[in-house]
Amino acid sequence: MEFLRRGVDYIIWPFTKVAEKASVAPAIVPGGSNAKLAGILGALAISALAYGAHGFQNTERSEQNLRTFRNAADMNILHALALLGVHNSRFPKLTTTLFLIGTVLFSGTCYYTALTDDRRFVDIAPIGGSTLLIGWLTFAL
């Protein structure tokens, strides 16, 4: 019996060494913080899309405001979904932070501008867009 055990150990030895050195990728934890954040951002985006489709029809807002509002909602939903894949990034906390900050700055500014016609904060949107771009680039690191 000992002879068989040693034979099996000899055969699988190279594979066990590789397995010991392999790093384990973090798994998605059901109900994890990114899933919760994605749920909140997604719900906000769906609400915004519904308002953009129905609420804007009953107002005197311009077509440009409607396009701005829809762009904000589209970016919002896209990055809500992207948060679900952030665990594949080498730096998931950094990517999550960049996506959240970028979404708030970009979509928040666009929502505000579209709803109020106040263009004071419109220069913040490109900062949010750049933050989102950097967030996507963290996947390449």
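Just a few scattered comments:
Matching residues to (1) buried (at least 16 other Cβ atoms within 10 Å of the Cβ); (2) in a helix (DSSP H, G or I):
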| site | (1), (2) |
| --- | --- |
| 79 | yes, yes |
| 82 | yes, yes |
| 85 | no, yes |
| 90 | no, no |
| 94 | no, yes |
| 97 | no, yes |
| 107 | yes, yes |
| 112 | yes, yes |
| 119 | no, no |
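- Entry remark, segment 34-52: residues being surrounded by fewer than 16 Cβ atoms within 10 Å (Cβ to Cβ) and not small (Gly, Ala, Ser) number 4 in total.
- Residue within segment 62-70 that is at pLDDT 90 or above and outside any helix (DSSP H, G or I) present: no
- Residue match in segment 23-33 (condition: outside any loop (DSSP other than H, G, I, E, B) and modelled with pLDDT under 55): no
- So residue 55, is it surrounded by fewer than 22 Cβ atoms within 10 Å (Cβ to Cβ), closer than 24 Å to residue 141 by Cα, out of contact with any His (no Cβ under 7 Å at 6 or more places or on another chain) and modelled with pLDDT under 95: no
- Test result for residue 11, assigned to a helix (DSSP H, G or I) and modelled with pLDDT of 90 or more: no
The values are calculated or read from the model by the stated rules, or taken from the named source; none is laboratory data. Values in this document were obtained by computation on a predicted structure and should not be read as measured data. Glycine gets a Cβ as well: all are built from the backbone with ideal geometry, and neighbour counts include every protein chain shown.
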